Amino acid sequence: GQIVNLADYRPTDFVLERVDLTFELDPTNTKVDARLIFHRREGVDAKAPLVLDGDELKLSGLLFDQREVPASQYDVTPELLTIRDLPAEAPFEITVTTYINPEANTQLMGLYRTNGIYCTQCEAEGFRRITYFPDRPDVLAPYTITIIGDKAANPVMLSNGNFLGGAGYDEGRAFAAWFDPHPKPSYLFALVAGDLGVIEDKFVTMSEREVTLKIYVEHGKEDRAAYAMDALKRSMKWDEERFGREYDLDIFQIVAVSDFNMGAMENKGLNVFNDKYVLADPATATDQDYANIEAIIAHEYFHNWTGNRITCRDWFQLCLKEGLTVYRDHEFSADMRSRAVKRIAEVRHLKSEQFPEDAGPLAHPVRPTVYREINNFYTTTVYEKGSEVTRMIATLLGADGFKAGMDLYFERHDGDAATVEDFVKCFEDANGRDLSQFSRWYHQAGTPLVSVSTAYDAGTFTLTLEQTIPATPGQTTKEPMHIPLSFALILDNGSIAEPASVSGGEVSGDILHLTERSQTFVFTGISSRPVLSLNRSFSAPINLAFDQPTEDLVHIARHDTDLFSRWQALNDLAVPNLIQATSDARDGKPVTVDPAFIAALLEAAADAKLEPAFRAQALTLPSEADIARELGCNNNPDAIHAGRQAVLAAIAEAGCDTFLALSEEMRVEGAFKPDAASAGKRSLRNAALGYLAFAENTPARAAEAFAKADNMTDLAQALTLLTHRFPASAEAKDALETFAKRFADNPLVIDKWFLIQATIPGEDSISRVKTLMEDEKFNASNPNRVRSLVGAFAFSNATGFNRADGEGYRFLAAQILAIDPKNPQLAARILTSMRSWRSLESARADHARAALMEIERAPQLSTDVRDIVERMLK
Ligand code: B3K
Ligand code: ZN
């Protein structure tokens with residue numbers, strides 16, 4: 001675990017021209033021959049040695065131009081192979097032989113086994129667990145791959161690029177050869193082999209080339225891959241139409257595996273997926289699962305251009321591919337579904353995941369400058385804030401200006417390993433604009449806070465904005481950012497005012513450009529006092545401090561033409577009520593809720609002119625984690641929970657008739673369809689059922705919904721309602737049993753069963769989780785199982801995890817220490833659930849610190865966990 005600094009970047013001494021790999025597969029002893037052609041880079045000292053990375057490797061053979069290299073000419077450790085006395089100019093060939101043990105690979109990095117299938121994961125630094133190699137993203141080469149294996153066990157043998165040929169030969173063995181002509185870094189290498197089922201389709205590209213599409217799954221699961229295939233074809237079409245990007249090989253393949261550290265991986269021409277994000281049918285997948293599959297299939301496919309054709313110079317540039325590709329998948333989903341509802345979901349996610357990260361000990365810039373373990377930087381800041389930064393570029397430049405910049409980026413950098421500066425320069429050059437102040441979004445961590453004050457007098461509206469950016473680890477002082485704020489001045493009748501003049505700063509269309517620490521904008525010719533709607537569509541990822549009167553928020557919730565802002569106004573109405581309820585609950589006082597807020601909420605819920613998915617979002621109050629974030633410090637999760645429950649009950653009581661009506665009107669008849677409109681109706685109906693459970697205070701209606709559900713969305717919602725609202729009821733117990741029996745042979749559905757139980761609020765939940773860990777359906781070495789039980793408990797069960805006696809933190813510490821030796825990445829990721837520990841009230845914070853220190857003291861820690869725990873305690 002050495003510290004790596006961006007400032008230390010320099011290119012390699014040797015240029016890699018070609019890679020030729022031969023794998024002789026064996027579950028415990030796979031032979032890897034790597035033939036690598038290099039030449040010394042021009043200008044590099046003729047004595048400089050060739051240094052190759054390894055990780056837990058053992059060298060078995062080393063050839064230079066096919067002749068054995070004498071021991072005196074090289075040094076080798078499991079992490080490094082250094083070869084001296086190499087040619088000054090002429091290209092040469094190095095052949096490295098290693099033997100690796102896929103079966104023993106529990107880290108799931110490099111070549112490993114999952115349910116009898118060979119599979120690889122190389123990003124970020126997994127390739128060096130396969131062979132000694134210059135394992136960094138700026139070393140690009142074409143690859144030829146030969147896979148040799150037992151024919152019966154491996155009817156499928158896949159790698160990147162186009163298929164060259166293959167056949168069976170002596171002693172039951174077979175080979176397959178693949179060639180990827182597009183130069184790529186090692187992190188995009190993939191190999192899959194084993195006995196898999198497949199569905200096949202084709203896509204005709206914009207220049208009329210036919211591409212074969214294949215999705216591989218375990219036998220018997222082929223039917224559940226149809227939706228993923230459909231999403232893939234829509235993604236390919238969309239990228240042609242929206243970004244002009246065409247696919248560039250004869251074949252595109254996806255493989256679904258059941259043991260995977262994350263969602264999916266964009267290996268060139270051979271994406272590997274966590275099967276959770278491929279497999280779906282109405283009986284086993286929820287609407288959210290369908291939406292996730294659509295988004296992740298698209299995301300990985302879009303990487304073919306943003307990530308693969310143009311890759312990253314070094315890992316500090318990770319947002320170059322991830323932030324941009326998330327932006328692209330967000331836009332895709334917005335086009336496939338409802339744009340406003342998609343935006344609401346994105347902002348909810350950003351605020352509940354990224355804002356806490358940016359406000360805590362793990363905060364880092366979108367483009368970091370230092371890391372100790374790169375795997376810990378696949379964060380919501382790099383991904384989601386990175387996407388928001390890209391979105392702001394599009395907002396600043398407009399659709400055409402953004403497109404011109406993207407076109408230039410593809411033209412100028414195709415085949416390159418690029419930097420964030422290269423990317424920004426393309427937008428500057430294509431638009432003749434200086435984005436240097438804007439670029440601070442990449443370099444300064446922390447969520448900016450914009451304070452707002454307004455005044456109206458005799459036709460003139462004055463708006464004063466002030467920005468502050470909180471200190472973050474390693475960054476105490478900050479420069480003012482360029483913050484694009486979409487705004488509208490809404491008049492009494494709901495129309496939008498058109499000012500006669502604006503002064504005080506740049507205003508283009510409906511965008512205010514806040515560039516100074518403090519700025520006052522003056523609008524003239526406004527006929528009556530307007531209501532300011534600010535940061536519409538969430539044009540900038542910021543917090544607003546704006547004491548807007550209730551009647552103004554109600555006015556926005558009713559009249560804004562931007563649907564997102566209507567939701568945001570409802571959210572802003574909810575927050576003070578939830579905060580007041582939290583303090584009332586803590587003080588043992590009865591909770592009161594502002595009737596104006598309830599009325600606005602119910603008005604939106606009942607408004608048939610609004611799409612059901614929006615109305616469901618309106619009814620979904622800020623989460624307990626959102627309330628904790630709004631409070632900022634000295635948090636008591638029990639009080640937050642009790643206060644929020646009381647607010648829900650008050651809404652339920654006032655809106656009983658509305659919810660009863662919705663529970664009837666929003667029934668979806670006929671065969672299940674996963675489209676956004678049907679999903680929206682189901683979500684509104686389920687939201688209504690949730691409130692009815694409060695109003696009626698009996699499990700009967702939820703039990704009926706459970707019994708009658710004909711799809712997984714309704715079934716899982718009913719089970720959640722029964723177990724979370726009425727945990728001790730016979731109905732809840734029965735439903736859990738029925739569910740477990742019905743889906744015992746489907747681990748992905750059992751994950752929902754784990755997750756629902758792991759998130760039942762209250763102090764009993766630890767013992768429930770412990771019992772479930774003993775269940776035969778649990779498997780401590782499968783990441784999906786661990787995330788669904790331990791991860792869900794720590795991330796999404798505020799009262800259970802943050803038990804006042806600290807038992808939750810001690811439990812987590814023990815789990816982290818148990819997972820870490822097997823799978824450091826998984827352990828480190830789950831540990832980030834404690835990233836906001838300092839904002840807890842002091843008794844809980846003391847317990848949390850003690851648990852973190854216990855982890856820190858452990859004699860053997862992975863770099864992954866050590867990096868996280870030390871940053872959290874700093
Ligand atoms: N690029 C991968 C993530 C790799 C994570 C390595 N620890 C998936 C994605 O973002 O598309
Ligand atoms: Zn990605």
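Structure notes:
- Sorting V382, V424 from the fewest to the most surrounding beta carbons within 10 angstrom yields V424, V382.
- Segment 766-847, dipole about Cα centre (Lys/Arg Cβ +1, Asp/Glu Cβ -1), debye to the nearest 20: 240
- Protection proxy ranking, peptides 795-804, 59-68, 74-83, average beta carbon neighbours within 10 Å, highest first: 795-804, 74-83, 59-68
- Spacing of the modelled spin labels on A167 and E498, each 7 Å from Cα toward Cβ, amounts to 7.6 nm.
- Förster-model FRET efficiency, 30 Å R0, E665 and N746, C-beta, rounded to 0.05: 0.40
- For segment 72-128 and segment 468-498, distance of Cα centres in Å: 49
- Modelled label reach - R339, point 7 Å along Cα→Cβ, segment 487-520 residues with backbone N closer than 18 Å: 487-488, 509-512
- Taking a straight Cα-Cα cut-off under 16 Å and skipping sequence neighbours fewer than 8 places away in the same chain, the aspartates and glutamates within cross-link reach of K425 are D407, E411, D414, D416, D434.
- Per-pair calculated FRET efficiency, R0 = 51 Å: D407 and T369 via Cβ, rounded to 0.05: 0.95
- Cβ-based charge dipole, the chain, positive-most Cα from T97, T144, A646: A646
- Where only DSSP H runs of four or more residues are counted, the chain gives -12000 deg cm²/dmol as its mean residue ellipticity at 222 nm, each run worth -39500 (n - 2.57).
- Span from the segment 722-763 Cα centroid across to the segment 570-592 one, whole angstrom: 30
- Amide proton proximity set for L544, modelled H, under 5 Å, gap of 5+: V450
- Annotation: amide H-H contacts under 5 Å for G446 (H modelled 1.01 Å from N, sequence separation of 5 or more, or interchain): H364.
- Each label point was placed 7 Å from the Cα along the Cα-to-Cβ direction; for D429 and T771 their separation is 6.5 nm.
- Taking a ≥ b ≥ c as the square roots of the Cα gyration tensor eigenvalues, segment 770-874 comes out oblate, since a/c reaches at least 1.5 and a/b does not exceed b/c.
- Per principal axis, descending, Cα span of the chain in whole Å: 86, 66, 59
- Loop-resident trypsin sites (Lys or Arg not before Pro) (DSSP state other than H, G, I, E or B) in segment 206-277 with no more than 15 further Cβ atoms inside 10 Å of their Cβ: R209.
- Sequentially through segment 78-83, phi angles give Karplus couplings (6.51, -1.76, 1.60; θ = phi - 60°) of x, 9, 8, 10, 10, 10 Hz, Gly and Pro residues having no value and appearing as x.
- Partner lysines for K741 [C-alpha distance under 19 Å; skip if fewer than 8 residues away on the same chain]: K708, K733, K752, K777
- Compared with the alpha-carbon gap, the fully stretched path from D587 to E222 is longer by 125.8 nm at 0.36 nm per residue.
- Peptide packing for 184-197, 667-680 was compared via the average number of neighbouring C-beta atoms within 10 Å per residue; ordered from the highest value, the list is 184-197, 667-680.
- Candidate lysines for bridging to K202, where Cα separation is under 30 Å - those fewer than 8 sequence places away on the same chain excluded: K151, K184, K214, K221, K233, K237, K268, K276, K321, K342, K403, K673
- Counting only Cβ charges, +1 for Lys and Arg and -1 for Asp and Glu, the dipole size of the chain around its Cα centre is about 900 debye.
- Amide H contacts under 5 Å for E266, placed H, 5+ residues apart: none
Just so you know, all these numbers are worked out from the coordinates, no wet-lab data involved. Owing to the predicted nature of the structure, the values given are computational and were not obtained by experimental measurement. Neighbour counts run over all protein chains shown; Cβ positions are idealised from the backbone, glycine included.
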